[in-house]
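I have placed the structure first, in the form of structure tokens, so that the comments after it can refer back to it.
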Amino acid sequence: MKKKINGVLYDTATTSLIAETESMTALSGRLSIRLFRTSDGRWFLTVEPDNKNNRQQYTCIEPETARRWLEKHIFNRQIKEYFGISDNRLQPE
């Protein structure tokens, strides 16, 4: 999927998928949430509802927000790889 935000084209087919998780909501049902990073270091999240009547959403985020999202969802390997944070500061997987 492609989306242009603030003049920048974000394309999930040409960026790196860093992590993904799922969530449930009463309104939308199951949500697939994916964190991507472009080759020039831009981060964005996509949220895709299981309900195909709703559209996939793109949100550009700052690197610090991406790091906190990874921490919240306990993606320790990705935190270490992209942010260089040592294992002893991370929660066990």
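The values are calculated or read from the model by the stated rules, or taken from the named source; none is laboratory data. Source: prediction; values computed, not measured. When we count neighbours, we look across all protein chains shown, and the Cβ atoms used for this are built from the backbone with ideal geometry, even at glycine. Remember, those area values only see protein heavy atoms, side chains included, never the ligands or the DNA or RNA. Shrake-Rupley method; radii C 1.70, N 1.55, O 1.52, S 1.80 Å.
When shorter helices are ignored and each DSSP H run of at least 4 residues is given -39500 (n - 2.57), the per-residue value for the chain at 222 nm works out to -5500 deg cm²/dmol. Straightening the chain between Ile74 and Met1 buys 23.7 nm, computed as 0.36 nm per residue apart minus the Cα-Cα spacing.
Measuring only protein heavy atoms, the 1.4 Å probe finds Thr59 accessible over about 70 Å². Take each peptide in 5-11, 70-76, count the other Cβ atoms within 10 Å of every residue, and average; sorted highest first, the result is 70-76, 5-11. Given R₀ = 25 Å, what would the calculated FRET efficiency be for Phe83 paired with Thr21, taking r from the Cβ atoms and rounding to 0.05? E(calc), rounded to 0.05, equals 0.90. Taking a point 7 Å out from the Cα of Thr38 in the direction of its Cβ, the residues of segment 4-29 whose backbone N falls within less than 16 Å of it are 4-18. Ordered from largest to smallest accessible area (heavy atoms of protein chains, 1.4 Å probe), the residues Asp50, Asp40 come out as Asp40, Asp50.
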